[in-house]
Amino acid sequence: MIIKGRVHKFGDDVDTDAIIPGPYLRTTDPYELAKYCMAGIDENFSKKVKEGDIIVGGENFGCGSSREQAVIAIKYCGIKAVIAKSFARIFYRNAINIGLIPIIANTDEIEDRDIIEIDLDKEVIKIVNKNKTIKCKVPKGLEWEILNAGGLVNYFKKKKRC
């Protein structure tokens, strides 16, 4: 499976309050949350995103609180995957559960607005506009099964039918 998209790059320690600031948590509508995705860093982020784009971060992406709305805002904004050097444990787990693909890689050579292709099977990221390739680590086993089902709720719905 290959994911191709334009990069929106952020730095280290992007916390959940920057991803979806507290004042916007008054709704459970995922599309309403998406309007305020990354508003703690860039209020216009959701207007810049196109379906299939990819967020790239540095160390400790998704730190802070355990709010799953951060992952929901990212996913419903149209982002297909988040690549970071490392993730806060609870954000990583929430991403799997919601169906947003978290990928671990050295993101130093990836820049804002690059076009990248992520080959999930081969675990490589190609920076198309630079003709460079980076190794990455994608979820496997049960984590991949949950992602492939579209998240934890869908995974259990499918298992219940069996």
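The values are calculated or read from the model by the stated rules, or taken from the named source; none is laboratory data. Values in this document were obtained by computation on a predicted structure and should not be read as measured data. Every residue, glycine among them, receives a Cβ derived from its backbone with ideal geometry; neighbour counts consider all protein chains shown. We work out accessible area using only protein heavy atoms, side chains counted, and drop any ligands, DNA or RNA first. Shrake-Rupley method; radii C 1.70, N 1.55, O 1.52, S 1.80 Å.
A few comments on the model shown:
- Taken over region 48-76, the residue count meeting the criterion of being assigned to a loop (DSSP other than H, G, I, E, B), under 23 Å from Glu111 (Cα atoms) and of a type in the set (Lys, Arg) is 1.
Rundown of residues vs (1) assigned to a strand (DSSP E or B); (2) open to solvent by 20 Å² or more (accessible area, probe 1.4 Å); (3) without any contact (Cβ under 8 Å) to a residue 12 or more places away in the chain, yes/no style:
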position: Ile90; (1), (2), (3): no, yes, no
position: Asp112; (1), (2), (3): no, yes, no
position: Ile116; (1), (2), (3): yes, no, no
position: Asp121; (1), (2), (3): no, yes, no
position: Lys126; (1), (2), (3): yes, yes, yes
position: Phe156; (1), (2), (3): no, yes, yes
position: Lys159; (1), (2), (3): no, yes, yes
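- Any hit, region 99-106, residues being surrounded by 19 or more Cβ atoms within 10 Å (Cβ to Cβ), farther than 16 Å from Ile3 by Cα and either touching a strand residue (DSSP E or B) at 6+ places or on another chain (Cβ under 6 Å) or among the polar types (S, T, N, Q) (or both): no
- Gly151 fulfils the conditions (1) surrounded by 13 or more Cβ atoms within 10 Å (Cβ to Cβ); (2) touching a strand residue (DSSP E or B) at 6+ places or on another chain (Cβ under 7 Å) except for a single criterion, (2).
- Residues that are of a type in the set (Gly, Ala, Ser) and part of a loop (DSSP other than H, G, I, E, B), drawn from region 11-36: Gly11
- Criterion (under 12 Å from Ile19 (Cβ atoms) and not β-branched (Val, Ile, Thr)) met by exactly one of Glu68, Glu109, Glu51: Glu68
- Some residue of region 77-85 being in contact with a Gly (Cβ under 6 Å, 6 or more places away or on another chain) and open to solvent by less than 30 Å² (accessible area, probe 1.4 Å): yes
- Restricting attention to region 99-118, the residues that are out of contact with any Cys (no Cβ under 9 Å at 6 or more places or on another chain) and farther than 17 Å from Asp53 by Cβ add up to 2.
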